[in-house]
Each structure stands twice: as structure tokens, then as C-alpha cells.
Amino acid sequence: MSHIYIYSPSSAVRDKAAFRRGLARLKALGHEVEVDEAALASQQRFAGDDATRLAAIHRAAASGADVALISRGGYGLTRLLPQVKYKALAKAVEKGTQFVGLSDFTALQAALLAQAGAVTWAGPALGEDFGAEAPDDIMEACFDDLTGGHGEGSGWRLPAADIESIAGTRGLALTGGQKGIRKVDDAVLWGGNLSVLVGLLGTPYFPNVAGGVLFLEDVNEHPYRVERMLTQLLHAGVLAKQKAVLLGQFTNYKLVPHDKGFKLATVVAWLRSQLKVPVLTGLPFGHVPTKVLLPVGARVTLAVDGRDAFIVWGHRHGGDAHHGHDHGHDHAHHHSH
């Protein structure tokens, strides 16, 4: 059983029913749930004014909870970044509080990594995930891994086209002895929502990660907008400095007749033509029910064995790192069917 602290650092909670369902679900899973006093606050589109949301973040850090989980994303964190007490949050992380969220939460995750080197988790939000009519099994299994302290990795099945594209790249080295396994060891995993991350470029809150593994996802963004943002990261020199770029789920957009065949696959192919580092797709993360949890700022091993990709962070909580392979692959296996 974990102590979970629910707070709202971004947009106001509009779906109160999902919020209540999420609380009930976490309790049913055996967790002790504490709700921040301003979790349902509302001012304009925000969960309370800036001071209210800032105080909520700092209360989450002071809560001593095992997990600080956002109620929802939306927008609102970027404007708070200069006022966040990064040392206090980093100390909370050191003492065992795992900060979990996605979407707008990417801003706080990136800033915490840039300012204090603290590791947080890209993962579910209360309303959209635990408050779903039927919460996703894989998401819950991954969250259970985190709260149980035995999550050590994740995996997924790559599209066949990805394998062909890796051959001429650098970053994922072929390891000797194990035939055909490509991997990169000891690389910092970072990233999150593409729009939010691009909005931090050129600021003190953008992590200066070289030799890392960058993962990206987005929602409600047409492929041409996704390409424009990727282009910005490319021209800023960010992408070429990574060992690998992982693309999660890009969802909820509509193609139009005058795209004339321009689609997400076009963007991926174009990106590959511009980069010497491998671009892998299909990562089960994003604004989708089936999402794994990813440690932002942690050192990981990324391995590709045939069409199976693994991210292993191993001994964050001790235990046998090999378990991470099997366990992660288990989640991935379910995901790919």
C-alpha cells in the first residue's frame, strides 16, 4: 500500500466524475489517498491562480507521500517555473516521493531535471487514467511496479520498418557475442510531451542532455505541426546529440484532403533522413490508455533485439535487473496484441 498525494498544478479539473472515480480506483487498489486542499480549485482555465498551484506543488513535495500524482495536465506549469523551489522538490525525490504525470507535467519534469537533476516519472494522471470507465491493465501493472518498488524496465514491439531504418544509424551499437542485439548503455532517458518540451527551448528549464535517449509524444497536433516542432529540436542541435529518439503515441488529429498523402509516417521518414541517430516508434506512452511508466532523468539501457525494444533502468530499487527485461516485455507483449 502506498500513500498517494493528488494535486492540480495545471488546468482546472472539469470532469469531477472522473476525478472521483480515480480516487475510488486508487483506494480499491489498496492505496491511501490524500487530496490536496486546492485540487479542485478553479480560476479561468487553471486549477486556481498561480500562487495556489505553486503552493500545491510545494505541499505535494512536503507531503512525505510515496507518490505525488497530478489530477490532470492541460496547461499551466510553464508560467510557474521561475517560482518553483527545485531544491525542495529534489529533496522530496531523494526521500522517496515519486512525482508522476504526463502532458503539461513535462514542463515540471524537464525543469526539475535541468535545475536539480531529479528523476521523476512520465506516467498516468488521476482523471484520465485511473478515472477511466475501465482503467487500462498495463498502465495499472506499471503503476503497481512503481509503488511496489519492483519496476525495472519496459518493452514493446517495433514495427518492421524500424528495423530496416536502424541499420545505417549510429548510437545503438551492435554488441559483440550476442548476435544482432543493438544497445546503448548508461544513457539519460528524458522527454515527454513534444509541444511542452519545445516551449522550453532556449530557457533555463530545458535539460541540456547529450548522449541521451529522448522520448516524445503528443495529442491534438496534426503531423505537419509535429514535423515543425521536431524541426525546431533538429535545428537547435538537440536531436543529433542523442543516442536515440523514441516516438510514442501521436493521437487525436485529423488529416485533411489537401495533405495529399502527407501523414505521420511521412514525418518519421523525413526525420530519419535528417538524422544519423536511430528513430524508433511505437513506444507505449502518450495520451492513450495503454501507457508504461518511464523514469525521466534516470540512466537506462536501451536494447533492440530483433523487433523487441527494451528500456531497462534496473537497480533503481535493487533486485535482479533481468526481471526488468521479462516484466517489461510482458507489458509490451500485451500492448502489441
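Worth pointing out:
- Here the gap between GLU32 and LEU255, fully extended at 0.36 nm per residue and compared with their Cα-Cα distance, gives a gain of 75.9 nm.
- Separation of the range 81-115 and the range 188-230, taken as the distance between their Cα centroids, equals 17 angstrom.
- Using alpha-carbon coordinates, inclination of helix 223-235 to the longest axis of the chain, degrees: 80
- Mean ellipticity per residue at 222 nm, deg cm²/dmol - from DSSP H runs of n ≥ 4 across the chain, formula -39500 (n - 2.57): -10000 deg cm²/dmol
- Accessible area (Å², 1.4 Å probe, nearest 10) - ARG225: 90
- Here the gap between LYS263 and LEU40, fully extended at 0.36 nm per residue and compared with their Cα-Cα distance, gives a gain of 76.4 nm.
- Local charge for LEU246 was computed over the other residues whose Cβ lies under 12 Å away, with Lys and Arg +1 and Asp and Glu -1, and equals -1.
- Accessible surface for the chain, divided over its residues, is 41 Å² per residue with a 1.4 Å probe.
- Among LEU81, LEU293, LEU197, residue whose mean-square fluctuation peaks in a GNM of the chain (springs only between Cα atoms under 10 Å): LEU81
- Positive-end ranking of ALA134, GLY74, GLY96 along the dipole of the chain, with charges on Cβ about the Cα centre, is headed by GLY74.
- Only beta bridges with both residues in the chain are counted; by DSSP, about 45 percent of them are antiparallel.
- For the chain, size of Cβ-based charge dipole, Lys and Arg +1, Asp and Glu -1, in debye: 1000
- In Å², nearest 10: area of HIS150 left accessible to a 1.4 Å probe: 70
- Highest mobility in the GNM of the chain, judged by mean-square fluctuation with C-alpha springs under 10 Å and restricted to GLU94, GLU221, GLU140, is found for GLU94.
- Taking the charge dipole of the chain about its Cα centre, with +1 at Lys and Arg Cβ atoms and -1 at Asp and Glu Cβ atoms, the residue from GLN232, GLY30, SER195 reaching farthest to the positive side is GLN232.
- Share of carbon and sulfur in the accessible heavy-atom surface of the chain [1.4 Å probe, %]: 51
- The GNM of the chain, with springs linking C-alpha atoms under 10 angstrom apart, assigns the highest mean-square fluctuation among LYS291, LYS254, LYS95 to LYS254.
- Angle between the chain longest axis and helix 50-62 axis [Cα atoms, degrees, rounded to 10]: 80
- The H on the amide N of THR281, modeled in the peptide plane, is under 5 Å from the matching H of LEU247, each at least 5 residues off or on a different chain.
- Å³ per residue enclosed by the Cα convex hull of the range 55-109: 70
- Nearest 10 degrees, 0 to 90: helix 16-28 Cα axis against the chain principal axis: 80
The values are calculated or read from the model by the stated rules, or taken from the named source; none is laboratory data. Please read these numbers as outputs of a predicted model, since none were measured by experiment. Cβ sites come from the backbone with ideal geometry, for glycine too, and all protein chains shown count toward neighbours. The area values use the complete protein model at the heavy-atom level, side chains included, leaving out ligands, DNA and RNA. Shrake-Rupley method; radii C 1.70, N 1.55, O 1.52, S 1.80 Å.
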